[in-house]
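Throughout, read-outs are computed from the coordinates displayed, never taken from laboratory work. These figures come from a predicted structure and were not determined experimentally. Methodologically, a virtual Cβ is constructed for each residue, glycine included, from the backbone with ideal geometry; neighbour enumeration extends over all protein chains shown.
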Amino acid sequence: MSGAWWAVAHFVAGCLDPEEREAVVGDLEEAGANGFDACRAIVGLACRRLAQGWLHWSPWLALASVAVPAGFLLSFASRWWADQVAIDVFLYVENWTGWYLASPGARGDLIAAGMRACVLCAVLAAWSWTTGAALASASRRAQWSTFIVFGFVVFSATVGTTTSARAPHNAMVLATAFYGTVWPALLRATFVVLPAWFAVRRQRAAPLPWPQAAAVCVGASLLLIRMNAAVGAALTFGSNGALVAPDAGLDGIFGTVDDGHPVSWVVFVLMWPGLAMLASVTRQRVMARRAGP
Amino acid sequence: MALGEFEYLMLTAAARLGDDAYGAAIRQEIEQVTGRACSLGALYTTLDRLEKKALIKTWMGEATPQRGGRAKRMVRVTAKGARAASSFYDTVIRFSRGVAWASK
C-alpha cells in the first residue's frame, strides 16, 4: 500500500519545479517517511505552490486571454471536425468493399478524405500545442491549474449542443454512442489535450529557445491559414459565408477554380496563443539579456 | 526587516546547523526544539520567502544514498538574515521584560 502512496507522491511531485522535487522527495526518503505521509506532504506543498501562483496577475491573464477563449474555440472546432471525420469513417467502415482500393477514382477519394482528416488533426495539434506553450510561458507557477481549466473548457463547452441541426442527414450516425460521444472525446483527448499537455511539460522542463518558438508560431499560423475555410466552417457550424463573403471569381460561377478564397479574420484570432507564446519567450529572452551572463 | 515567528525559527535552525543546514535537517531541528510538527509545505515556501528577502542563500548540494541519490537544498544565513534574526530576538527579549512568563 505504501508503494502505491509513494507512486501517487511521485506523480504529484511532478507539479513541482525539478530542483524542488529533488530536494523534497530526498528529504522525505531521508526521514524514512511512509508513502501516505510523503503523499500528504507533497500534496500540501503542491497546494501551497498552486495558491502562491494565483497571487500574481499572470495566471489570471493567461486564463482570461488564452485558456478560456482558446478552450472554447478548440472545443467547437474539434467537435465539428470530429463529426465531419466521423461521417467519412462511418461511410467507409459500414460500406467497405475492395472496390475502394481497386478503382482509381474511389482510391483517390479515399486518399483525399484521409489526407483531409490528417491535416485537420495536425491543425488541432499545432493550435493546441501553441495554446499549452502559451499557458506555460505566461505563468510558470500556475501552469497546471490553467491547463486543467483549459481541458475542462475543451470537454465541456459543447455539452448540450449538436452539429446535427446544421446537418440533419448526419443525425443518425451521430446519435450512436461511438460516433456521437466516444469518437469526439477520443479526438479531443488525442489532438487537443495531449499536445497541450506535452507543450506545458516541454516549457516547464526548459522554455523553448526563441528561434524554435518563432518557427512553431509560424508553422501553426501557416497551418491555420492553409485550413482557413475549414476553420471558419468549424467555428460557425458550417456557415462560413456569414464570415467571409463568397467571391465567384471572373467567371461569375461559384465552385469553379477561379473562386476567391479570402482568409477569414477568425484565423488571425486563432493565432493569438502562438503569438502570446512568442511574446512571452521574447520577454524572457530580453530579461535574460538585461540580467547579463 | 520584520520577521514572523516561523521565519525566525528557520533562520535560527539554519544558523545553528551551519554547513549542514538543508531542508530535512532544518525541519528536524525545528520539530525537536519546539515539539511541533513542521510541514514540508511550510518549510519550503518559507525558504523561498526568506531567500527572496535576501535573508538566506540556497543552492543544490550533493546527493547521498540515504536520500535515494537525490540532492539536498542547502541553506546559508546571510549577514542581512543574521541581523534580522538578532533584531527579532532583541525585540522579543526587550518586550518580554517584566511579564510573568519571562521571569520564570
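Quick look at the values:
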item: Number of the condition not met by A:A122 [criteria: (1) crowded, with 19+ Cβ neighbours inside 10 Å; (2) under 30 Å from A:G14 (Cβ atoms)]; result: (1)
item: B:Y44, sole failed condition from (1) within 14 Å of another protein chain (Cβ to nearest Cβ); (2) closer than 21 Å to B:F6 by Cβ; (3) of a type in the set (F, W, Y); (4) out of contact with any Gly (no Cβ under 8 Å at 6 or more places or on another chain); result: (4)
item: Single condition A:C47 does not satisfy, out of (1) surrounded by 15 or more Cβ atoms within 10 Å (Cβ to Cβ); (2) within 14 Å of chain B (Cβ to nearest Cβ); (3) of a type outside the set (K, R); (4) within 30 Å of A:A185 (Cβ to Cβ); result: (1)
item: Matching residues in region A:1-19 - criterion: being farther than 22 Å from B:T58 by Cβ and either touching a residue at least 60 places away in the same chain (Cβ under 8 Å) or in contact with a Cys (Cβ under 8 Å, 6 or more places away or on another chain) (or both); result: A:W5, A:W6, A:V8, A:A9, A:V12
item: Test: residue in region B:52-69 that is in a helix (DSSP H, G or I), at the interface with chain A (Cβ under 10 Å from one of its Cβ atoms) and within 21 Å of B:S86 (Cα to Cα); result: no
item: When residues of region A:29-44 are limited to those that are assigned to a helix (DSSP H, G or I) and facing chain B (nearest Cβ under 7 Å), the one nearest to B:L40 (Cα to Cα); result: A:A41
item: Counted residues, region A:85-115 - those being without any contact (Cβ under 8 Å) to a residue 24 or more places away in the chain and either closer than 18 Å to A:L186 by Cβ or polar (S, T, N, Q) (or both); result: 6
